[in-house]
Structures are given as C-alpha cells and as structure tokens.
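The values are calculated or read from the model by the stated rules, or taken from the named source; none is laboratory data. These figures come from a predicted structure and were not determined experimentally. Cβ sites come from the backbone with ideal geometry, for glycine too, and all protein chains shown count toward neighbours.
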Amino acid sequence: MGKEVRIIVADDHRMVRKAWELLLGGRDEYRVVGQAANGAEVLQVLQETRADVVLMDLDMPVMNGIEATDRIRNCYPWIKVIALTMQKESAYIKRFFAAGASGFLTKNASEDELLDAVQQVLAGHRYLSREVSDVLSSSLLTPATDDSSHRLGGLSEREVEIVKLIASGYTTSQIADKLCVSIKTVESHRRNIFKKLDVKNVAQMISKSKERII
C-alpha cells in the first residue's frame, strides 16, 4: 500500500479504542488520526482531520454508528466506513450498508482480517466478515432499490429523501445541514417536488405521499 492510511476509531469504550489504536499504530502504513466515543464526535473530528477510513461501532450514545455513517456518506463520500461491532443481526447489517458503509466486521475479527478489510474497501470493494457471512447472502450486500420514486411522480432518490425529512419535521436549514448541501439546493428540490406531485404546499405534499413513501 503506497500512501499512509489515516483512520478514525469510533467506540464508546475507551479501552476498545485504545486497543485498535495500538494494533494499527504498530504498522507504518496506518495512522490513527482521531478517536470518538459516539457518532457526533466522529463528525466533529472529521471537521478538523482528514481521514480515509472510519472504524465504527454501531451501538453508541448521542448518535449511533448507522446515523453517523449516513452523515459521512453525505458530507464525506470518499471516506470508507467499516463496522466493528458485536451486532450480527441481518437487520443491522442491511441498515448499515444502506447508510453507505463499505465493510462489516465483528469485534472478534483477527488483526489480519481487519487489515484485509481496510485494504479491500480502499480498493473500492465491500467487505463482510467471515464470521457473519452466513447471516446474509451476497445479494443483501447491495441495498434494495427503492422504487418509490417510480410510484410517486417520478421523484428522484434525493427528492424522496427530502420528502421524508420534511414530513419528519426538519426545517430547510436542518435538511441542508443533514445532507451537506446548500439551503438553495434544498429549496430547488422542494420546488421540483411540488411540481412533480402537482401540489402547492407541504400539507398537500405529505398527504399525497404519506401512503407511498413516508
């Protein structure tokens, strides 16, 4: 591997973070550039530090690993996120990959498997731990296509996402922050949504889309 790989470790247990830091720090090609005790702290670290990979626990306070991964996908799409968790249920795995993750390992993974996972995701591949590979078939690694846009006014995937956020009570500025786009971009999407759905206000939009995509 040519360049140094910059890694952030996120886990709500300090000893776990320290263990992974010691493991990775013993190799010249890897550098732990930040630690975080929850998803919100990961995002704070990323505002100040460049990273290539985030090793992410799923069950953390304040902001869990799945929500943090979704935010990273929107704000830092070049960063690869790998789960390091004790969770092995298929629902967690599917939600994590749907949020934009690149790899999934349990905390029982060996050092060699962790390093292999990092190399695989940096090469553009997805990685599923051998320990949980029998939980899912390979087809489940690709998030199911959401065809709600075809069922409702030809909305794009991003427009469907914005409809859901508006219906959940998010303001325009909050949506812009969550999706890492400008307020003008959100307003443009909103105008397009109104036009495609042939509605004039938010109440009509929610009413028309409620049974199909919300």
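Tabulated results
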| read-out | value |
| --- | --- |
| Residue in the stretch 1-20 that is buried (at least 17 other Cβ atoms within 10 Å of the Cβ), touching a His at 6+ places or on another chain (Cβ under 9 Å) and of a type outside the set (Gly, Ala, Ser) present | no |
| Of all residues making up the stretch 188-203, the number that are within 12 Å of residue 166 (Cα to Cα) and either among the aromatic types (Phe, Trp, Tyr) or without any contact (Cβ under 8 Å) to a residue 24 or more places away in the chain (or both) | 2 |
| Scope the stretch 186-214; condition in contact with a Leu (Cβ under 8 Å, 6 or more places away or on another chain) and closer than 12 Å to residue 158 by Cα; matching residues | 186, 193 |
| Boolean, residue 80 is buried (at least 21 other Cβ atoms within 10 Å of the Cβ), basic (Lys, Arg) and under 16 Å from the mean Cα position of the chain (by Cα) | yes |
| Positions within the stretch 179-191 being farther than 18 Å from residue 201 by Cα and buried (at least 18 other Cβ atoms within 10 Å of the Cβ), in sequence order | 179 |
| Residue match in the stretch 86-101 (condition: among the hydroxyl-bearing types (Ser, Thr, Tyr) and modelled with pLDDT of 90 or more) | no |
| Residue 64 modelled with pLDDT under 95 and in contact with a Cys (Cβ under 6 Å, 6 or more places away or on another chain) | no |
